[in-house]
Amino acid sequence: MSTKSAEGRLSRRLSAMRPSATGAMSEAARARSAAGHPIINLSEGELDFDTPWNIQYSAIRAIVEGETRYTDVVGTRALLTAIKAKFARDNNLDYEWSQLIASTGAKQIIFNAFLATLEEGDEVILTAPYWVSYPEMVRLAGATAITIVTRREDGFKLRPADLIRAITPRTRWIVLNSPGNPSGALYSSDELRSIADIVREHPNLMVLSDDIYEEIVFEGNFCSFAQAAPDLIGQTLTVNGVSKSFAMTGWRLGYAGGPQWLISALAKLQSQSTSNPSSISQAAAVEALEGPKDFLDQWRDRLRVRRDRCIEILKSAYPILKLEKPPAAFYLYADCTDAIGRRTPGNLVITDDVDLAHYLLEFANVATVPGSAFGMAPFLRIAFALSDDLLDEACHRVVEALRKLE
C-alpha cells in the first residue's frame, strides 16, 4: 500500500500569500476571550450598529416571497437599477447596464479585477498604509505590489510627484482607497484631479477606486475618482458596497461600475466561481440603496463623538502614541515609534509594532492591529466602532499599559 500523501501540495502563489493580519488578531482576541479574559476588541473593521430595520425587513420579505433561487450572475435587475441610480445620484456617474456588477462583497470584485487583468511581471501601485488584502490579492494574481509610503503630515495621502516616480511600463493599476482603511485619509476633488492629470498620460493604466467608506465622513466632502475626472471613467473601476455604510458586513454584498470589457471579464470569473451573490442579500441591498438614510447622520454623529473621545484619552499616552484626527472612516492610526525599545513589566523588549499589539492584548486585554500589516510601521490601528463605555475602558487600559513600559 502506498504511503504517499497529497498533503502539503499547495500552489506556489498560495504558499507565498500571508493570512489576514486583522483576521489573525481578531482570532487571537476571541481565543483569549474564550479563555476567560475580559477582552475589548478594537481590531475589527465593522460598525457595532444593527442593520436598519427596513433593510432587515426587505430580506425577510424576500425569503417569505420565495426570492431564494439563482439570479443573473451580475445581480438582479432590481439591484442593478438601484446601483445605477445610486452612482448617478450620489457620484454623478452614468453607467450602462453592461457596466455594472454585484458580487459577494467588494472584496470579491477587487480580487477578480486583479485576477482578470494581471500577468507575471505586471505591477500594481498601492499607497501605504493600505488595506491588508490589497498586496496579497496582487501577489496571488502573479503580479508585484509597488508600495508608496505616505506621510502622516500629508494626511496619509499620495503625492503626485511620488506617483510619477513609481509608474513604469509594467504598471497596470493604481489603487485609491478614500476614505482610507486604516488611516481615514480623505482625498479632495482637487487632489484627485492632480492624480488624474498623471493618469491621462498613461492610457493603459487603470485606477481602482475603493469607495467602501463613502458615507463615513466627518469633515470634508467625499468625491469618487471618476467623479473628479469623468473623462477617465473608462480607465476606472469604481468599487463600493453596503457593508460599512449600512452595517451589513455579514451580508456580503458589493458592487462596481466600470468599462464593459472589464465588467464582462468579472462576470465570467464570477460565473465559474461563486455565481450570483445571495438573492436575499441582493433584496436587502436594494432597500439599502433606495430606502431612507436618515440614520446615517445619527451614526456619523455618534462615531464623531467616539473618535474625539478616544483621541482625548489616548493623547495622555504621548509621546508613546502620536495621533492625528482622521476626517473619515472609523479608525485611528497611531504612530507608536516611541514605544520601540522600551521594556514591558515582564522585562520583554518591544522591538516592533507587532510586539506592542501583543503586549496590549496580553497585559491590557485590548486587541489592536499592528501597522506593519498595513505596510507602514510602527503604527497601531484602533477601531472606534464600539459602544462609548467599552471604548472609554479600552482606551484607559491602553494608556495604563503604555505607562508601564520602561
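The values are calculated or read from the model by the stated rules, or taken from the named source; none is laboratory data. Worth saying up front: this structure is predicted, and the values here are computed from it rather than measured. Don't worry about glycine lacking a Cβ; one is built from the backbone with ideal geometry, like all the others, and counts go over all protein chains shown. These accessible areas exclude ligands, DNA and RNA; they are computed on the full protein's heavy atoms, side chains included. Shrake-Rupley method; radii C 1.70, N 1.55, O 1.52, S 1.80 Å.
Might you let me know whether region 103-120 holds any residue that is modelled with pLDDT of 95 or more, charged (D, E, K, R) and within 17 Å of Phe374 (Cα to Cα)?
Yes, that holds for at least one residue.
For (1) touching an Asp or Glu at 6+ places or on another chain (Cβ under 8 Å); (2) within 15 Å of Ile109 (Cβ to Cβ), each residue gets a yes or a no:
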position: Phe218; (1), (2): no, no
position: Asp231; (1), (2): no, no
position: Gln235; (1), (2): no, no
position: Ser243; (1), (2): yes, yes
position: Met248; (1), (2): no, no
position: Pro259; (1), (2): no, yes
position: Ser271; (1), (2): no, yes
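Say we look at region 239-255 and pick out the residues that are in a loop (DSSP other than H, G, I, E, B) and of a type in the set (Ser, Thr, Tyr); which of these is surrounded by the most Cβ atoms within 10 Å (Cβ to Cβ)?
This residue is Ser243.
Of the conditions (1) open to solvent by 10 Å² or more (accessible area, probe 1.4 Å); (2) under 16 Å from Ala128 (Cα atoms); (3) in a strand (DSSP E or B); (4) not small (Gly, Ala, Ser), Arg172 satisfies every one except a single condition; which number is it?
With (1) open to solvent by 10 Å² or more (accessible area, probe 1.4 Å); (2) under 16 Å from Ala128 (Cα atoms); (3) in a strand (DSSP E or B); (4) not small (Gly, Ala, Ser) applied to Arg172, the lone miss is (2).
Read through the list (1) free of Cβ contacts under 8 Å to residues at least 24 places away in the same chain; (2) not in a helix (DSSP H, G or I), then give the number of the only condition that Glu44 fails.
(1)
Quick one: count up the residues across region 88-99 that are open to solvent by 10 Å² or more (accessible area, probe 1.4 Å), aliphatic (A, V, I, L, M) and touching a helix residue (DSSP H, G or I) at 6+ places or on another chain (Cβ under 6 Å).
Qualifying residue count, region 88-99: 0.
Mind counting the residues in region 389-404 that are open to solvent by 10 Å² or more (accessible area, probe 1.4 Å) and either among the hydrophobic types (A, V, I, L, M, F, W, C) or in a helix (DSSP H, G or I) (or both)?
Number satisfying all stated conditions: 8.
Looking only at region 256-275, decide whether some residue is assigned to a strand (DSSP E or B) and buried (at least 23 other Cβ atoms within 10 Å of the Cβ).
yes
Of the numbered conditions (1) part of a strand (DSSP E or B); (2) open to solvent by 10 Å² or more (accessible area, probe 1.4 Å), Ile233 satisfies every one except a single condition; which is it?
Every condition holds for Ile233 apart from (1).
Could you tell me which of the residues Ala85, Ala102 is open to solvent by less than 60 Å² (accessible area, probe 1.4 Å) and in a helix (DSSP H, G or I)?
The conditions single out Ala85.
Please enumerate the residues belonging to region 129-158 that are closer than 19 Å to Phe379 by Cβ and in a loop (DSSP other than H, G, I, E, B).
Pro129, Tyr130, Trp131, Val132, Thr150, Arg151, Gly155, Phe156, Lys157, Leu158 - these are the residues of region 129-158 that are closer than 19 Å to Phe379 by Cβ and in a loop (DSSP other than H, G, I, E, B).
Here is a check on your reading of the model: is Lys325 part of a loop (DSSP other than H, G, I, E, B) and of a type in the set (Lys, Arg)?
Against the criterion (part of a loop (DSSP other than H, G, I, E, B) and of a type in the set (Lys, Arg)), Lys325 qualifies.
In region 36-59, which residues are exposed (fewer than 14 other Cβ atoms within 10 Å of the Cβ) and either of a type in the set (Val, Ile, Thr) or under 20 Å from the mean Cα position of the chain (by Cα) (or both)?
Asp50
Quick check on Ile313: is it more than 27 Å from Asp210 (Cβ to Cβ), outside any helix (DSSP H, G or I) and open to solvent by less than 50 Å² (accessible area, probe 1.4 Å)?
no
State whether one or more residues within region 110-125 are within 16 Å of Ser275 (Cβ to Cβ), surrounded by 19 or more Cβ atoms within 10 Å (Cβ to Cβ) and in contact (Cβ under 8 Å) with a residue 40 or more places away in the chain.
yes
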